[in-house]
1. Which of Gly310, Ala382, Pro82 sits farthest toward the positive end of the charge dipole of the chain, with +1 on the Cβ of Lys and Arg and -1 on the Cβ of Asp and Glu?
2. For Val135 and Lys190, what does the FRET efficiency come to when R0 = 51 Å and r is the distance between their Cβ atoms, rounded to the nearest 0.05?
3. Counting only heavy atoms of the protein chains, get the accessible area per residue of the range 347-394 (1.4 Å probe) and round it to a whole Å² value.
4. Taking every DSSP beta bridge that has both residues in the range 169-344, what percent is antiparallel when rounded to the nearest 5?
5. With N residues in the range 251-374, what two-decimal value do you get for its Cα radius of gyration over 2.2 N^0.38 Å?
6. What lysines sit close enough to Lys134 to cross-link, taking a C-alpha to C-alpha distance under 27 Å and skipping anything fewer than 8 places away on the same chain?
7. May I ask you to give the percent of accessible area on the range 169-344 that is carbon plus sulfur, with a probe radius of 1.4 Å?
8. Over 28 Å between Cα atoms, which of Lys190/Lys241; Lys190/Lys398; Lys252/Lys346; Lys241/Lys295; Lys295/Lys398 qualify?
Amino acid sequence: MEYLREIEGKQAHDPLFDKIMNKSSRRVFVPGPVIVGAGPSGLAVAACLKDKGFPSMVLERSSCIASLWQLKTYDRLRLHLPKQFCELPLMGFPSEFPTYPTKQQFIQYLETYARKFEIRPRFNETVLHAEYDKVIGFWRVKTVGKKLEETEYICRWLVAATGENAEAVVPKIDGMEEFGGDIRHTSRYKSGEEFRCKKVLVVGCGNSGMEVCLDLCNHSAKPSLVVRDTVHVLPREMLGKSTFGLSMWLLKWLPMRLVDRFLLIVSRLMLGDTARLGLDRPGLGPLELKNMSGKTPVLDVGTLAKIKSGDVKVCPGIKKLRRHTVEFLDGKIENFDAIILATGYKSNVPFWLKEGDMFSEKDGFPKRPFPNGWRGECGLYAVGFTKRGILGASMDAKRIAEDIERCRDEEAAPYDHHHRSVLLLKSSSSSPSP
């Protein structure tokens, strides 16, 4: 690699380079990009690079790939979209998998994917600090291992693949310390079995919150759902096709607002008026809202029927918690045994990546919106921040691999030209004179 030859040159001729580099107890030069995160997004980039003959190193703080899926999701989880919209680049799902693969099937797919492209992440390595060093012209990525050993990786390219769901969002609710019962985030929820016959309050009405309520019902618990904001609830399928797939097809021919109007009309016919159930719809249509804010509509898998039947009770926002008691904003007070926080996740990029141009310090997302947020300066890239799921991550993974290949070829061109010139001079000087 041309840039490794550059490192060797700096080591040989620049005493300041060695002085700077020797600060780390263990140093590793990486002959390719460093990818932070071994979730679907990180695996996708590594596979696309591998397909182009490009080595990479994947750093993962957990002990496995796709740790969110393997360690922090509930048992009944399935992909919310049909499998063809959740494929990673270069490898589809097995034909025998159902339209909506289970959590276990998706993990199996990811593990097969990693084996196929020989992706071997360095597990249990948490990135503490990543910063571009202008003096040496490379990224310095500092990690700490399971035994607190520190390592510094030196690389030409850095890919942030920690994604949108790196850290659980746990809201502060007045009186949490007084409640006395179980309060947990959905990242620690596995099954409704342990809540059988208990009154459980689920906070958050996104896809996870809705599905946790359904799971609790199926295990004879008594769930209530806190709805703090407006929400679009759509049937998972319309007219015999997936709602997402139908929407993508209609967008090829119709403007977004017309497609939104169609989705809302069909939803009203199939589901009824959700506002009567305490689920007010936003002013913007589901696709327009998703496009502008990233807020995903809920694809109903049976929870709405439980709300209609009274098995799931809809509640307003929480004002205060007391001993096994919740006071709501409307003044009503009710007893609960446990609270499940379906309050989502957030990016953790600002905690470890030290740069001020590409990522927002406020939310940890690229400042430039999709589809232009994947590339930064000095060989920095982002994947898994599109708010468009695995499909968006796959698109960015392909772009990143192509761009790194282009950079490599451009940087290698002057060296190749110089090398050919030297060979020609040597050849001509060694030729016999006429």
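1. Gly310
2. 0.55
3. With all protein chains present, the range 347-394 gives 47 Å² per residue.
4. Here the share of antiparallel DSSP bridges comes out near 30 percent.
5. Taking N as the residue count of the range 251-374, the ratio is 1.42.
6. Those lysines meeting the cut-off are Lys10, Lys19, Lys23, Lys142, Lys354, Lys362, Lys367.
7. Percent of accessible area from carbon and sulfur atoms in the range 169-344: 53.
8. Lys190/Lys241; Lys190/Lys398; Lys252/Lys346
The values are calculated or read from the model by the stated rules, or taken from the named source; none is laboratory data. Since this is a predicted model, take the numbers as computed values, not measurements. So basically every Cβ, Gly included, is an ideal-geometry build from the backbone, and we count neighbours across all protein chains shown. For the accessible areas, the whole protein counts, side chains as well, though only heavy atoms, and no ligand, DNA or RNA atoms are used. Shrake-Rupley method; radii C 1.70, N 1.55, O 1.52, S 1.80 Å.
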